[in-house]
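For reference, the structure is listed below as structure tokens.
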Amino acid sequence: MKQLVVKDIEKCVGCGLCMYACSRKFVKRPEIGNSSSAILAVSLSGFERGATVIFCRACTEPPCAQVCPTGALKPKRGGGVVYIENLCLGCKYCMDACTLNAIFEREDGKIAVCIHCGYCSSYCPHGVLAYEEVEA
Amino acid sequence: MRDAVLVIDLSNYSYEVEHRPDLFEKWIGGTGVAVQLLKEHMNPEADPLGEDNVIVFATGPFTPAYPLASKTVALFKSPLTGNLGESHAGGRTATSIANAGYGAIVIKGQSKKPVYLVVENGEVHFRDGRVIWGIPDSLIVGRIIAENEPGRGIRTMMRIGGAGEKLVRYACVTTETYRHFGRLGLGAVFGSKRLKALIIRGRKKYLPANTKKFREVYDEIYRTAIESDAMKKYHLLGTAGNVIPLNELNSLPTKNLQSAKFESAEEISGEALAEHNLGRRIACSHCPIACIHLAALRIPYENEPYFYKTIMISYDYELIYSLGSMLGVGSRDGLLRLIHRVESYGLDAMSTGVCLAWATEALLRGVVSEEDTIIKLSFGNVENYLKAIDYIYEQPNEFYRHLAMGIEHASDVYGGKDFALAFGGNEMPGYHTGYAAHLGYATGLRHSHLDSAGYSIDQKVRDVTPEEVVDKLISEECWRQVLSSLVVCFFARGIYTSDLISRAFEPLGVEISEEELKKKGEEIYKEKLKLKVEMGFNPENLRFPKRIFEIESLHGKLDERFIEEAKNYYIKKVREIVG
Ligand code: SF4
Ligand code: SF4
Ligand code: SF4
């Protein structure tokens, strides 16, 4: 299975292009803004000290799916989750369950989580992100 | 497109949101819209440091739709020049304002006590700022707020250091780390309003009118930015790459422009900094270029063996000029320590350097005494300059109180006008290339080299008449009004051609031809000039410091008559345009 991975975090310049790419990922509904983005580059108190890029690491036993009361988040084969938006209540239990804080709240109160589509990796100008085959 | 304007009143801690599609349709965004908002909200006679001054922050229609639309325009009345103040900054400010749902933010009034503001989810929180007021180091202020406020990765944090609190007329507003609303004293306006910081965060979205075209145009801009040569010079050496070429062209102002060649230019060049100090590069939000160059400086503790600190310092050509060559500082370590000090207090680096350069020459010539300057300022003496920067902040005596008001003012008081290198009251940028550069500083509506890029005209053309130079400058400045209304980074001007801009508008549901764009640029220029005149600008009063005629430039020694003719022509032009 292919997954989004970090190749070299030290090269992250904090441009946020990955975040905006994630918003545009659906051909039919490319959004302008960051509401539905499921990836976030943050600094270590200023990018001069380095960065962290936060996104789902595709757990094989996803706690977020386990706490979801409606089945909106379901474990995906090979790791991570599928998100069935119209089942989502916006309870945000999943946000608490994820140790990485890799689930984000959207403008409408529902959530955004990485589906490992790889779209953002082609917009990281500095080779921090890649989309690669990973052993499950 | 975002057409919401958030109006905040600090006098009674209230706010409201107005939807102004009229403004954004007619005036694009950024500068175009900000001029109108300032006209609506501010009395042109307002005291720049009084309750009546108004700050407008405006973003444009391409933020955050496209890459490189990464800037915010701030308009206010400048406490340095007493006239229109305009300053642009990158960082995360533009995208955060847009993602919070606003096209522009207006800040009026004056708080009774220190506050900082948090804007999120359609609300404004007025937070008690008393605890962080008085902290002189803007970097520390940033860290404290970062620990206290949510929004990592998506927020902008604009704040002032001690210089803004102490109303140094050229104090800046720092945003994120190392980006600034640098020029013309927005920091002092924050200080006068007792506004220590402004934090904005949001996670909003909207949809393009044409989804398929939107992704196509996006990709085109992105590819051009990373693949073409259009922006190469900004990411390799960065603007610091200008040091050596300008020095070779006799254009690098040195020791208060007593020379335009610096014997230690190599030492403080972009090449040397990259080789010895470059520690990291970072980017403004939604910019693939990452032109922000950070130097790592390792400083030993004198009395503690094996104890070091390593600090990261952002450098650019303008800083190398103003705190390096202009002060005769030829050591990289010294230069970086000066930049760091200026950064901590939240001072504008260009004005600070030029003020100190003037003070040094004034002392050498006996225009002021050592009693005034407290320490013996001399070109190249880093330790004393570090002290002097402290004094600009602390203002321990009459002299530093005057120096903190800029050199136009200080030279009114003490003399030494001929070598007070300010244009329209704003300390000079770092290009002594020829007529167009100096005429550009004078005629540019924010007295910045970026208004009309005279330095570039000087390098491209010879044998032009004074009238032609002024026409060229005005026409470039008109076009740049379009860029600063969009608001795209000026470094991306090679990418955002009128053709591309027109095509990029289409998926957003806006039809505008290249011709119309050009016309809008001219109209915005006219509106801005009119506002400036209403605020008291009189082109007849423009002063050209004698010094610029004494020192060889790329165009040899400059002739006063040429400048005089150009000035007269410009005065005529202003009358024509303003009517
Ligand atoms: S969102 Fe968090 S908890 Fe859920 S699969 Fe991804 S990393 Fe695991
Ligand atoms: S891989 Fe796809 S879903 Fe995950 S962060 Fe990137 S664009 Fe978003
Ligand atoms: S696009 Fe790449 S460099 Fe930019 S913030 Fe994301 S991971 Fe970092």
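The values are calculated or read from the model by the stated rules, or taken from the named source; none is laboratory data. Everything quoted here is computed from the prediction, not taken from an experiment. Neighbour counts are summed over all protein chains in view; Cβ atoms, including those assigned to glycine, are modelled from backbone coordinates with ideal geometry.
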For A:Pro62, are the conditions met, namely being in contact with a Leu (Cβ under 8 Å, 6 or more places away or on another chain), within 16 Å of ligand 2 (Cβ to nearest atom) and more than 30 Å from B:Arg143 (Cβ to Cβ)?
yes
Counting only residues in the stretch B:295-317 that are more than 12 Å from chain A (Cβ to nearest Cβ) and under 23 Å from the mean Cα position of the chain (by Cα), the one surrounded by the most Cβ atoms within 10 Å (Cβ to Cβ) is identified as B:Tyr315
Could you grab the pairs with beta carbons closer than 8 Å, sequence gap of 6+ or different chains, first residue in the stretch A:5-21 and closer than 19 Å to A:Ala58 by Cα, second one within 16 Å of ligand 1 (Cβ to nearest atom) and assigned to a loop (DSSP other than H, G, I, E, B)?
A:Val5/A:Val134; A:Cys18/A:Ile39; A:Met19/A:Ser37; A:Met19/A:Ile39
Residues of the stretch B:284-317 that turn out to be in a loop (DSSP other than H, G, I, E, B) and free of Cβ contacts under 8 Å to residues at least 40 places away in the same chain, as a count:
7
For the stretch B:151-266, list the strands (runs of 3 or more DSSP E) that sit wholly inside it and hold at least 1 residues that are of a type in the set (Lys, Arg); which are they?
B:156-159, B:179-181, B:195-200
Consider the stretch A:94-109. How many of its residues are surrounded by 18 or more Cβ atoms within 10 Å (Cβ to Cβ) and either more than 12 Å from chain B (Cβ to nearest Cβ) or under 10 Å from the mean Cα position of the chain (by Cα) (or both)?
5
Test result for B:Ile320, assigned to a loop (DSSP other than H, G, I, E, B), surrounded by 22 or more Cβ atoms within 10 Å (Cβ to Cβ), more than 16 Å from ligand 3 (Cβ to nearest atom) and modelled with pLDDT of 95 or more:
no
Yes or no: the stretch A:38-50 includes at least one residue that is more than 8 Å from chain B (Cβ to nearest Cβ), touching a Phe, Trp or Tyr at 6+ places or on another chain (Cβ under 8 Å) and either modelled with pLDDT of 95 or more or under 17 Å from A:Leu100 (Cα atoms) (or both).
yes
Reported set for the stretch B:251-294 where residues are within 14 Å of chain A (Cβ to nearest Cβ) and crowded, with 24+ Cβ neighbours inside 10 Å is B:Ile282, B:Ala283, B:Cys284, B:Ser285, B:His286, B:Cys287, B:Ile289, B:Ile292, B:His293
Quick one: in the stretch A:109-133, which of the residues that are part of a loop (DSSP other than H, G, I, E, B) and touching a Gly at 6+ places or on another chain (Cβ under 8 Å) is farthest from ligand 3 (Cβ to nearest atom)?
A:Gly109
Sort out which residues of the stretch A:25-36 are within 14 Å of ligand 2 (Cβ to nearest atom) and either out of contact with any helix residue (DSSP H, G or I) (no Cβ under 6 Å at 6 or more places or on another chain) or within 20 Å of A:Glu132 (Cα to Cα) (or both), and write them in order of number.
A:Lys25, A:Phe26, A:Val27, A:Arg29, A:Ser35
Among the numbered criteria (1) surrounded by 18 or more Cβ atoms within 10 Å (Cβ to Cβ); (2) at positive phi; (3) more than 10 Å from chain A (Cβ to nearest Cβ), which one does B:Gly134 miss?
(1)
Among (1) in contact with a Phe, Trp or Tyr (Cβ under 8 Å, 6 or more places away or on another chain); (2) outside any helix (DSSP H, G or I), there is one condition B:Ile135 misses while meeting the rest; what is its number?
(1)
Give me the residue from the stretch B:494-512 that is in a loop (DSSP other than H, G, I, E, B) and out of contact with any helix residue (DSSP H, G or I) (no Cβ under 6 Å at 6 or more places or on another chain) and, out of that set, farthest from B:Arg92 (Cα to Cα).
B:Glu511
Filtered residue count, the stretch A:1-51, keeping only those that are buried (at least 19 other Cβ atoms within 10 Å of the Cβ) and part of a helix (DSSP H, G or I)
9
